[in-house]
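The values are calculated or read from the model by the stated rules, or taken from the named source; none is laboratory data. Just so you know, these numbers come straight off a predicted model, no measurement behind them. Here the Cβ positions follow ideal geometry from the backbone for every residue, glycine too, while neighbour counts run over all protein chains shown.
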Amino acid sequence: MKAAEGGLRLPEARLAEAIGLARAIDLDIVLSEVVPVSRPRPATLMGMGAVERLAIEVESHDIGVAVVDGHLSPVQQRNLEREWKCKVIDRTGLILEIFGERARTREGSLQVELAALSYQRSRLVRSWTHLERQRGGFGFLGGPGETQIEADRRMIGERIVKLKRELDEVKRTRELHRKARRRVPYPVVALVGYTNAGKSTLFNRVTRSEVLAKDMLFATLDPTMRSLTLPSGRTVILSDTVGFVSDLPHELVAAFRATLEEVLGADVVIHVRDVSHPDSEAQAEDVEAVLGELGMAEAVHKGLVEALNKVDLMPEVKRDILLNQARRRPDCLPVSSVTGEGLDALLACIDRRLATGRETVDLSLPLSDGAGISWLYQHGEVMARRDSDETAFLRVRLDPADAKRFQQRQAEGRDPA
């Protein structure tokens, strides 16, 4: 495993992340090091001295796969494979391999395959194992029992056209589901964050679900949604999304746009950060950069709700400093998805965010109108209530759309939903 320096991140932290990515698909790490690259070489990325030294290491350790944590051009990949006499993949190929193994829903599988084909089309394609294989992933690594299928650009192009057509159908189905949710207008709260920041653990804790949550990069690939009752009694839809990563392949940003549409349409976006990680600030910048690519630059500029996760793993001194800083920022909340610390404050913050723009209305309903009273409790925040013998007088905080819907219901004598 070799890591080429890149960006403003600590080289050691970047190498540790690359090792984690490789282990995520069960690769055994026998060698890892940072290789300084002052000036990228068109032929091999790194200097020939480093290439020749690593060739000796590859042979002596009998290495079958070498991962370069950076982007390799097709020429660089081919030349390194010739020099090292082993399979070489870059960061994009590695991430696509992980996604190929982990995607579970039909939409996720289609999106990952589309991304992988877009990536392969730019390569000097020698083998294509998407349609015939015995292992997960996308065949960048090779593997026992795989059939090598000679493929050309025409075959890949035809498959890409078919995949895009199938994804359009899936997208239309998702839009129908989204319209159905809008008819029962629960706000959507989306969790975003760097991979392994603890989004799924937090999701499970507050919704009492059992979504896969592991100390592993890209444990979550397919979006998961659950209902959640806030302290005010308001029901929202909480969405857990795929984790972001630095240098996310642009093929994946484009391919997963449909999956991340839940984020684009969210009423509140929660940025879950692993504040115990040494590169937490750089990770936060990477997440905000991807959100910007997805068209959410305005939301980032206005400020996301930040869940500063894993405070239970921080040294006491750093933890105290973080807590003091967070007290001055109402939308920055120290939490632990493992111990539950700070989660009540996070839910209260979501309540406050959703209450912005709501209007307070005074309503009177017959006590016999149980459906209408129940609807108000479900869709609004009942701030005060007084009952007479036959009438309930309520002061309710509602979204403007819900207030208008209920007023129409009273005028027409029908169910507001």
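Say we look at the range 366-417 and pick out the residues that are assigned to a loop (DSSP other than H, G, I, E, B) and among the acidic types (Asp, Glu); which of these is farthest from ILE237 (Cα to Cα)?
This residue is ASP389.
It is to be established whether one or more residues within the range 393-412 are surrounded by fewer than 14 Cβ atoms within 10 Å (Cβ to Cβ), of a type in the set (Gly, Ala, Ser) and without any contact (Cβ under 8 Å) to a residue 24 or more places away in the chain.
There is at least one residue in the range 393-412 that is surrounded by fewer than 14 Cβ atoms within 10 Å (Cβ to Cβ), of a type in the set (Gly, Ala, Ser) and without any contact (Cβ under 8 Å) to a residue 24 or more places away in the chain.
Could you please let me know if GLU288 is exposed (fewer than 14 other Cβ atoms within 10 Å of the Cβ) and assigned to a helix (DSSP H, G or I)? So that I can check it myself, show each step before the final result.
Details: exposed (fewer than 14 other Cβ atoms within 10 Å of the Cβ): no; assigned to a helix (DSSP H, G or I): yes.
Answer is no for this residue.
Filter the range 312-365 for residues that are farther than 30 Å from SER388 by Cα and either among the hydroxyl-bearing types (Ser, Thr, Tyr) or assigned to a strand (DSSP E or B) (or both) and give the result.
CYS332, LEU333, PRO334, SER336, SER337, THR339, THR356
What do you reckon, is GLU132 modelled with pLDDT of 65 or more, of a type in the set (Asp, Glu) and more than 23 Å from the chain's Cα centre (by Cα)?
Against the criterion (modelled with pLDDT of 65 or more, of a type in the set (Asp, Glu) and more than 23 Å from the chain's Cα centre (by Cα)), GLU132 does not qualify.
Regarding GLU306, is this residue of a type in the set (Asp, Glu), touching a helix residue (DSSP H, G or I) at 6+ places or on another chain (Cβ under 7 Å) and either part of a loop (DSSP other than H, G, I, E, B) or within 26 Å of SER227 (Cβ to Cβ) (or both)?
No: the conditions fail for GLU306.
What tally of residues in the range 24-69 results from selecting those that are within 17 Å of CYS86 (Cβ to Cβ) and either within 33 Å of the chain's Cα centre (by Cα) or of a type in the set (Phe, Trp, Tyr) (or both)?
Final tally of qualifying residues: 19.
Can you tell me which residues in the range 81-103 are closer than 18 Å to GLU33 by Cβ, at pLDDT below 95 and assigned to a helix (DSSP H, G or I)?
Scanning the range 81-103 gives ARG91, LEU94.
Filter the range 301-355 for residues that are within 24 Å of the chain's Cα centre (by Cα) and of a type in the set (Asp, Glu); which is surrounded by the most Cβ atoms within 10 Å (Cβ to Cβ)?
Step by step, filter the range 301-355, then rank; the result is GLU306.
May I ask you to verify whether SER127 is out of contact with any strand residue (DSSP E or B) (no Cβ under 9 Å at 6 or more places or on another chain), farther than 28 Å from GLY243 by Cβ and modelled with pLDDT of 75 or more?
Taking the combined requirement at face value, the residue does not satisfy it.
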